[in-house]
Amino acid sequence: LPNGLRLVTVPTDFPDLVALYLVVNTGSRNEVEPGKSGYAHFFEHMMFRGSENYGSEERDAILKRAGAEVNAYTTDDRTVYHTLLSKQDLEAVVKLEADRFQRLKYAEPEYRTEALAVLGEYNKNSANPISKLFETLRSTAFNTHTYRHTTMGFLQDIQDMPNQYDYSWQFYRRYYRPEYTTVLIVGDITRDRALSLVREHFGGWERGSYAPEVPAEPAQSAPRTANVEWTSPTLPLVAVAFRGPAYSDEAPDKAALDLLASIAFGSSSELYQQLVLQEQKVDLLGPSFGDRTDPELFTVIAQVKNPADIEYVRDQILQTLQRYASEPIPQQQLDATRSRMRYSAALGMNSSNAIASALAPYLALRRTPETINRVFAIYDSLTPEQIREIAGRYFVENNRTIVTLATRGAITQGGGR
């Protein structure tokens with residue numbers, strides 16, 4: 001649209017149902033001001049508080065009558081609002097969405113109530129060892145970039161949120177703008193109908209002018225470590241992370257490490273078979289390496305059964321990474337892995353809602369579903385030697401951060417080397 005709003009329509013053969021997703025290119029990455037982390041996630045909450053023409057109770061009643069399934073989520077790079085509904089109710093729900101995206105309304109008492117709810121959510125997440133492990137990993141591996149904090153934000157900023165009512169409106173007016181938003185409609189719908197609805201209800205949305213200056217993370221000059229002492233009994237965790245690349249549908253680095261993550265640390269990998277099934281030293285092992293706007297961490301996580309085995313498991317992960325940085329993957333294994341990735345991606349798109357869910361992350365990154373075709377073309381083009389060379393550039397000591405978590409007193413003196 002002329003105001004910068006993007007509409008993506010995917011007609012399907014699934015009758016009567018429509019998935020409506022609004023993808024906002026705003027996540028914790030956009031929280032560039034000191035003391036103001038957590039607001040992208042906070043607005044995931046506030047957007048359900050009502051708008052100028054629809055109070056929260058009226059909004060809920062309309063959605064209930066429509067039998068709509070409604071939810072939202074926030075990540076580092078995006079906030080996504082999604083609704084599954086019958087096609088007969090689409091116009092009514094588009095009107096609801098347009099109103100809250102352009103004319104959100106909340107008073108200071110409601111704002112303070114929601115801020116306290118977010119603090120409660122943070123406290124609940126902090127009681128989860130894996131959440132705490134990731135929080136510590138981020139704050140250790142990043143010094144400058146906003147990926148340093150999780151989507152929840154820093155605790156001190158969340159505690160201060162009740163005092164930041166005026167700033168909350170500033171955040172909303174910066175980022176809830178058409179140039180940051182993509183409307184995705186998947187299901188029993190035509191492009192003409194979708195375009196007509198979006199033009200009618202979003203066409204007058206005024207474009208903004210704000211662009212955050214997200215600080216680049218400087219090169220890491222030495223390996224980093226951190227230990228988290230857990231106050232109650234829990235199985236130990238170890239995270240081995242290396243600085244990795246940003247998402248790209250042009251350069252091969254991210255796609256190469258995607259393939260490597262599955263081959264080296266997936267459930268059919270040699271290391272998984274060894275640590276989980278044969279030696280039974282680990283009951284959880286896997287990679288974490290999402291698609292991000294800016295350079296992300298390539299992380300391998302293991303949950304260890306015995307604290308005495310933390311160092312052994314850590315070293316097995318490191319040895320596996322170094323092996324793939326020095327030896328090419330067998331061609332047959334590479335071919336099987338990318339074939340499985342393609343089949344799994346296609347098989348997962350088995351409903352209008354599943355298709356929309358799969359497309360939303362890519363729309364946040366490039367605002368077009370064509371990026372999926374481009375990145376899968378890179379998967380198909382990569383050779384074992386290319387993957388080895390790329391792994392060798394990223395899996396170096398100065399890119400490394402290791403974080404361990406265990407019950408207080410369980411980690412030995414050398415456990416975080």
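Filter segment 200-218 down to the residues that are among the hydrophobic types (A, V, I, L, M, F, W, C), in contact (Cβ under 8 Å) with a residue 12 or more places away in the chain and in a loop (DSSP other than H, G, I, E, B), then identify the one that is farthest from Lys36 (Cα to Cα).
First, the residues of segment 200-218 that are among the hydrophobic types (A, V, I, L, M, F, W, C): 202, 205, 211, 214, 216.
With the extra rule that they be in contact (Cβ under 8 Å) with a residue 12 or more places away in the chain, the set shrinks to 202, 205, 214, 216.
Checking the rest, the ones that are also in a loop (DSSP other than H, G, I, E, B) come to 205, 214, 216.
On the way: Trp205: 26, Val214: 14, Ala216: 18 Å.
Checking each candidate, the answer is Trp205.
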(message) The conditions are (1) over 28 Å from Leu363 (Cβ atoms); (2) out of contact with any His (no Cβ under 8 Å at 6 or more places or on another chain); (3) surrounded by fewer than 19 Cβ atoms within 10 Å (Cβ to Cβ), and Asp192 fails exactly one of them. Which is it?
(response) (1)
(request) Using the structure shown, decide if Thr368 is among the β-branched types (Val, Ile, Thr), modelled with pLDDT of 95 or more and within 30 Å of Ala127 (Cα to Cα). (result) no
(message) Can you report the number of residues in segment 96-125 which are assigned to a helix (DSSP H, G or I), free of Cβ contacts under 8 Å to residues at least 40 places away in the same chain and more than 17 Å from Thr75 (Cα to Cα)?
(response) 5
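Looking only at segment 218-252, count how many residues are of a type in the set (Ser, Thr, Tyr) and more than 25 Å from the chain's Cα centre (by Cα). Step through it out loud before you land on a result.
So in segment 218-252, the residues of a type in the set (Ser, Thr, Tyr) come out as 221, 225, 231-232, 234, 247-248.
Subsequent filtering for residues that are more than 25 Å from the chain's Cα centre (by Cα) retains 221, 231-232, 234.
Selection size over segment 218-252: 4.
Which of the following residues is of a type in the set (Asp, Glu) and under 18 Å from Ile378 (Cα atoms): Glu250, Glu279, Glu311, Glu327? Lay out the reasoning, then the answer.
Numbers: Glu279 fails: under 18 Å from Ile378 (Cα atoms); Glu311 fails: under 18 Å from Ile378 (Cα atoms); Glu327 fails: under 18 Å from Ile378 (Cα atoms).
Unique residue meeting the criteria: Glu250.
Suppose the filter is buried (at least 19 other Cβ atoms within 10 Å of the Cβ) and outside any loop (DSSP other than H, G, I, E, B); does Ile378 pass it? Talk me through it step by step, then tell me what you get.
Details: buried (at least 19 other Cβ atoms within 10 Å of the Cβ): yes; outside any loop (DSSP other than H, G, I, E, B): yes.
Yes: the conditions hold for Ile378.
In segment 178-192, which residue that is assigned to a helix (DSSP H, G or I) and touching a residue at least 12 places away in the same chain (Cβ under 8 Å) is nearest to Phe134 (Cα to Cα)? Before you say what the answer is, go through the steps one by one.
Initial filter on segment 178-192 (assigned to a helix (DSSP H, G or I)): 178-180, 191-192.
Right, trim to touching a residue at least 12 places away in the same chain (Cβ under 8 Å) and you get 178-180, 191.
Numbers: Pro178: 32, Glu179: 31, Tyr180: 27, Arg191: 41 Å.
Restricting to residues being assigned to a helix (DSSP H, G or I) and touching a residue at least 12 places away in the same chain (Cβ under 8 Å), the top hit is Tyr180.
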(message) Six or more apart or on different chains, Cβ atoms under 6 Å: show the pairs whose first residue is in segment 7-20 and under 20 Å from Leu63 (Cα atoms) and whose second is in a loop (DSSP other than H, G, I, E, B) and among the polar types (S, T, N, Q).
(response) none
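Only one of Pro245, Pro233 is at pLDDT below 95 and assigned by TED's automatic domain parsing to the domain that holds Ala358. Can you tell me which?
Values: Pro245 fails: at pLDDT below 95.
Pro233 is the lone residue from the list that is at pLDDT below 95 and assigned by TED's automatic domain parsing to the domain that holds Ala358.
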(message) I'd like to verify a number: residues in segment 222-247 that are within 17 Å of Arg148 (Cβ to Cβ) and either in a loop (DSSP other than H, G, I, E, B) or in contact with a Leu (Cβ under 6 Å, 6 or more places away or on another chain) (or both), how many?
(response) 5
(request) Taking the residues in segment 381-402 that are polar (S, T, N, Q) and not in a strand (DSSP E or B) as candidates, determine which candidate is nearest to Thr9 (Cα to Cα). (result) Ser381
(message) Scan segment 37-49 and tell me whether some residue there is assigned by TED's automatic domain parsing to the domain that holds Ser196, surrounded by 15 or more Cβ atoms within 10 Å (Cβ to Cβ) and farther than 30 Å from Phe134 by Cβ.
(response) no
(request) Collect the residues in segment 58-82 that are of a type in the set (S, T, N, Q) and more than 19 Å from the chain's Cα centre (by Cα), keeping them in residue-number order. (result) none
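Listed here are the residues, each with its yes/no results for (1) acidic (Asp, Glu); (2) part of a strand (DSSP E or B); (3) within 28 Å of the chain's Cα centre (by Cα); (4) outside the structural domain of Arg366 (by TED's automatic domain parsing).
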| residue | (1), (2), (3), (4) |
| --- | --- |
| Ser268 | no, no, yes, no |
| Tyr272 | no, no, yes, no |
| Leu277 | no, no, no, no |
| Leu284 | no, yes, yes, no |
| Phe298 | no, yes, yes, no |
| Arg314 | no, no, yes, no |
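The values are calculated or read from the model by the stated rules, or taken from the named source; none is laboratory data. Bear in mind that the values here come from a model prediction, so they are computed numbers and not experimental data. Note that we place each Cβ from the backbone using ideal geometry, even for glycine, and neighbour counts take in every protein chain shown.
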